[in-house]
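The structure appears below as structure tokens.
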Amino acid sequence: MQSIYLAKIREQNPLIHNITNIVAANFSANGLLALGASPLMSANIEEMQEVPKISQALVINIGTLIGKEREAMLLAGKTANAVGIPVVLDPVGVGATSYRRETIRELLAEVKFALIRGNAGELAAIAGEEWQAKGVDAGLGEVDLKAVAEKVAQRYGCTVLISGAVDIVSDGTQTATIHNGTPLFPKVTASGCLLSAVCAAFLAVSEGNYFSATLEACVAYTIAGERAAQSLTTQVGQFQIRLLDELAALSPETIRQRGRINE
Amino acid sequence: MQSIYLAKIREQNPLIHNITNIVAANFSANGLLALGASPLMSANIEEMQEVPKISQALVINIGTLIGKEREAMLLAGKTANAVGIPVVLDPVGVGATSYRRETIRELLAEVKFALIRGNAGELAAIAGEEWQAKGVDAGLGEVDLKAVAEKVAQRYGCTVLISGAVDIVSDGTQTATIHNGTPLFPKVTASGCLLSAVCAAFLAVSEGNYFSATLEACVAYTIAGERAAQSLTTQVGQFQIRLLDELAALSPETIRQRGRINE
Amino acid sequence: MQSIYLAKIREQNPLIHNITNIVAANFSANGLLALGASPLMSANIEEMQEVPKISQALVINIGTLIGKEREAMLLAGKTANAVGIPVVLDPVGVGATSYRRETIRELLAEVKFALIRGNAGELAAIAGEEWQAKGVDAGLGEVDLKAVAEKVAQRYGCTVLISGAVDIVSDGTQTATIHNGTPLFPKVTASGCLLSAVCAAFLAVSEGNYFSATLEACVAYTIAGERAAQSLTTQVGQFQIRLLDELAALSPETIRQRGRINE
């Protein structure tokens, strides 16, 4: 596959505004720095009309919603829409509680997203499909995930990335699958949250080509995971550290040589 | 010693609801994943009547209380009691401020705990003993800690685990000491918080045998620490990473062979 | 150079009260423990009249302000002033939003700081100089940073540390530069926040000698970074872990031998 956007991230060093959870905050910031982007973490409602204006993309992650974060997310999302930067939604554990479902319903109604990135259980919940999610983990179900990705992409006019053993990317008309990765990803907390942040960095430099930028982001990230997993002498603590190393070491050539996509 | 519960954790993959602090959130989630359990971190008062209902245990950790977290803890604790899942209390730094003392007093009055896990200073404060705690660290005192564990266990009808160079477990009638571990534990922040979360995973699969499940949890965790410490080439940064590795690598056989308990 | 304070930290194990952000909380706590100090993280307004009274220094870091944290910072700062412990200000991303600017203006008006520690962009913003900051990163500008450090130090009657490729320390009459360090520092999130916490530990044992304590703190920290960087087999994930190792391994002799200061 081609690599168009990684080099642009290293050149432009985009500022990524993250409204994220207390589990992922440090890991997401370090992952963005390793990749070559610049993180700014703020969920403060007092800043949500300003931070998106100095940023090149926004990530809204509902992992540990508290206090006025829901209102802050709505305000930041609307500001980001007004200034025209891409917004990524990570609907962490949306099926787990009515408050999460209601938050996602409201966000999807009031903010235009460039990308929704979640696991199978989260996207099935958004699509209204039967699924047995397990807290914030993917869980199990019999749904056709490609159809789910297409349906959600069409309904919200955005790109959708469903993460799993095979990753699925769809914009409602084109759908591709990615066959890179490692079973260690779900063993490290916030590895999905970091992927959402990584996607935001790729969207930030994509000039509106969200489908191909998401595809490259996901291939890049899962290759970094693959290489990190291959280098481990012990599991699984080291994986989170080695993943940061491999995000920093990624090159366009590696993406071209190792990317395994079916379009 | 026997190992009964570790295999059940790997089989049942229990969902553990953690109301925890901003220092421990990531480390506790990664530790639970490494062990074979599934973490869900939420301190959102809007979710406290739902998350315990889908979880197999609840941890209440007062390390960085803020906003409405105290009310959230009370609500989650009562919900957990109503549905019958075990609740673990980690009274971080309870002796340090009147707000922490008052929070713990209220929690102990309104929620039935299966286990209270803390350091010597924290348990001495709950028992009302003289003790020179140091912020959230154990500090120094001349108290008979076995007597403290028994007294608190009897008063609140629960199991008590006092962590230290020697760990003490009591349910008020039986008391045991654990002689595994490493002096590196207090050099890594949130290593006590993670132990509380690990205990919750063991209690979750124990069918009410909280004393023996706490014993196995503490032996398992301190053996993982022992092995992590032995493998270090440099100290102490690597310890937190290697501890996750060793939690993942633990086997019932290792617990049986290396567990050092006096009952 | 001399090393006066590192040995005192190991002897006295000062308790450092940190009001810090969700990105830095874990890393700062582990860094303080590695160094030999004792961290207590609390931003709870209900505790701000008590925690400074049991602490030997206070760090106020505005990285991810939320809820009532601004009021908590003011209250903690005033309490710390009343009991006479040193207060360190880390004005994270102060140029990025009006809320951050207003918070810093209010803190500087109502709290007496022993030290302000930030990057070039943050100190330029406080000095009122033209600067192109980038979110919470330093950014670029043409300002004479020594003059900025001196101006801010004089205006607020405190010591100022501007971190960068060359670090600048000034108390308004004396100014020194530090030539240790590694380009990896800005690649790891919260490495500036941890430096502020490390400075607080040195100030805590300095008996009011804030200029020389800041100088030793910064030399110690940047040498630890230098040694960590030299030992890496892969970058940059390992750096955060190795930095903790090297903070633990620091000796007065290493500071004396490797410190590179121009006074």
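For segment A:195-263, what is the relative contact order in percent, using Cα pairs closer than 8 Å and at least 6 residues apart in sequence?
29
Report ³J(HN,Hα) in whole Hz for each residue of segment C:132-138, in order, from the Karplus equation J = 6.51 cos²θ - 1.76 cosθ + 1.60 where θ = phi - 60°; Gly and Pro get x.
9, 6, 10, x, 9, 8, 5
Over chain A, what is the relative contact order in whole percent, taking alpha-carbon pairs under 8 Å and six or more residues apart?
Reported as a whole number, the value is 21 percent.
Which value, in debye to the nearest 20, describes the size of the charge dipole of segment A:18-80 about its Cα centre when Lys and Arg Cβ atoms bear +1, Asp and Glu Cβ atoms bear -1, and nothing else is charged?
120
Output the antiparallel fraction of DSSP beta bridges having both residues in segment C:60-172, as a percent to the nearest 5.
Roughly 35 percent of the beta bridges in segment C:60-172 run antiparallel, per DSSP.
Assign unit charges at the C-beta atoms only (+1 for Lys and Arg, -1 for Asp and Glu), then state the dipole size of the protein assembly as shown relative to its Cα centre in Debye, rounded to the nearest 20.
For the protein assembly as shown, the charge dipole is close to 520 debye.
Can you pull the mean other chain C-beta count within 10 Å for peptide A:13-25? Don't skip to the end; give the middle numbers.
Numbers: counts 2, 1, 5, 1, 1, 1, 0, 3, 5, 16, 13, 6, 13.
For this peptide, the per-residue mean of nearby foreign Cβ atoms is 5.
Going by average Cβ neighbours within 10 Å, how do the peptides C:152-158, A:72-78 rank, with the highest at the top?
A:72-78, C:152-158
What distance in nm lies between label points placed 7 Å from Cα along the C-beta direction at C:GLN154 and A:ILE4?
For the pair C:GLN154/A:ILE4, the computed spacing is 5.5 nm.
If you take every DSSP beta bridge whose two residues both sit in the protein assembly as shown, what share of them, in percent to the nearest 5, is antiparallel?
35
What number comes out for accessible area per residue over segment A:90-176 if the probe is 1.4 Å? Units Å², please.
40
Once the label point is set 7 Å along the Cα-to-beta-carbon vector, what list of distances in nm do you get between B:ARG101 and its counterparts in the other copies?
Going from nearest to farthest copy, the values are 4.5, 4.5 nm.
Just tell me which lysines come within less than 18 Å, Cα to Cα, of B:LYS112; anything on the same chain fewer than 8 places away is out.
Output for B:LYS112: B:LYS53, B:LYS78, B:LYS151.
Between copies, how far apart are the A:THR234 label points? List them in nm, one decimal, shortest first, with each point 7 Å from Cα toward Cβ, please?
1.6, 1.6
Just counting partner chain Cβ atoms within 10 Å, what average do the residues of peptide A:185-194 show around their Cβ?
3
Answer rounded, prolate or oblate for chain B, using the Cα gyration tensor with square roots of eigenvalues a ≥ b ≥ c: rounded when a/c is under 1.5, else prolate when a/b is larger than b/c, else oblate. Kindly include the intermediate steps, with their values, before the conclusion.
Numbers: a/c = 1.33, a/b = 1.14, b/c = 1.16.
It comes out rounded by the Cα gyration axes.
Enter the mean number of other protein chain beta carbons within 10 Å of the beta carbon of each residue in B:62-69, as an integer.
The shielding value for this peptide is 6.
First compute the accessible area of segment B:122-263 with a 1.4 Å probe, then give the percent of it belonging to carbon and sulfur atoms.
Values: 2500 of 5380 Å².
Here it works out to 46 percent.
Using 1/(1 + (r/R0)^6) with R0 = 45 angstrom and r between the beta carbons of B:LYS146 and C:THR233, what's the FRET efficiency to the nearest 0.05?
Efficiency, from the Cβ-Cβ distance: 0.45.
Mean residue ellipticity at 222 nm from the helices of chain C, using -39,500 (n - 2.57) per DSSP H segment of n ≥ 4 over the full residue count, to the nearest 500 deg cm²/dmol? Before the final figure, lay out the partial values.
Details: 11 runs with 125 residues, N = 263.
Computed ellipticity for chain C at 222 nm equals -14500 deg cm²/dmol.
Could you give the nm distance between label points at B:ALA165 and C:VAL166, where each point is 7 Å from its Cα heading toward the beta carbon?
5.0
Measuring from label point to label point, each 7 Å out along Cα→Cβ, what is the B:SER98 to C:GLN132 span in nm?
It is 5.4 nm.
Cross-link candidates for B:LYS187: which lysines have Cα within less than 17 Å, leaving aside residues fewer than 8 places away along the same chain?
The qualifying lysines are B:LYS134.
Beta carbons within 10 angstrom, averaged per residue: use that to sort the peptides C:97-103, A:187-193, A:119-125, highest first.
A:119-125, A:187-193, C:97-103
Given H placed 1.01 Å from N in the peptide plane, which residues other than close sequence neighbours of C:ASN119 have an amide H under 5 Å from its amide H?
Those lying under 5 Å, H to H, from C:ASN119 are C:SER163.
Carbon and sulfur: what percent of segment A:35-76's accessible surface (1.4 Å probe)?
The computed percentage sits at 49.
Tally the DSSP beta bridges in chain A and give the antiparallel ones as a percent, rounded to 5.
35
As an exercise, use a Förster radius of 56 Å and the Cβ-Cβ distance of B:ALA249 and C:ARG105 to find the FRET efficiency, rounded to the nearest 0.05.
With R0 = 56 Å, the Cβ-Cβ based efficiency is 0.60.
Quick check on segment B:74-176: take the gyration tensor over C-alpha atoms, sort the square-rooted eigenvalues as a ≥ b ≥ c, and tell me if it's rounded (a/c under 1.5), prolate or oblate.
oblate
Using only protein heavy atoms and a 1.4 Å probe, how much accessible area in total is buried between C and A, to the nearest 100 Å²?
2300
Binning every alpha carbon pair distance of segment A:153-195 at 10 Å from zero, what are the percents per bin?
Reading the bins upward from 0: 26, 47, 24, 3.
Going by a ≥ b ≥ c, the root eigenvalues of the Cα gyration tensor, does segment A:107-263 fall in the rounded group (a/c under 1.5), the prolate group (a/b larger than b/c) or the oblate group?
oblate
The values are calculated or read from the model by the stated rules, or taken from the named source; none is laboratory data. Every value quoted in this text rests on a predicted model; they were computed, and no experiment measured them. As a convention, Cβ positions derive from the backbone with ideal geometry for all residues, glycine included, and neighbour counts pool all protein chains shown. Protein only, heavy atoms only, side chains kept; ligands, DNA and RNA dropped before computing areas. Shrake-Rupley method; radii C 1.70, N 1.55, O 1.52, S 1.80 Å.
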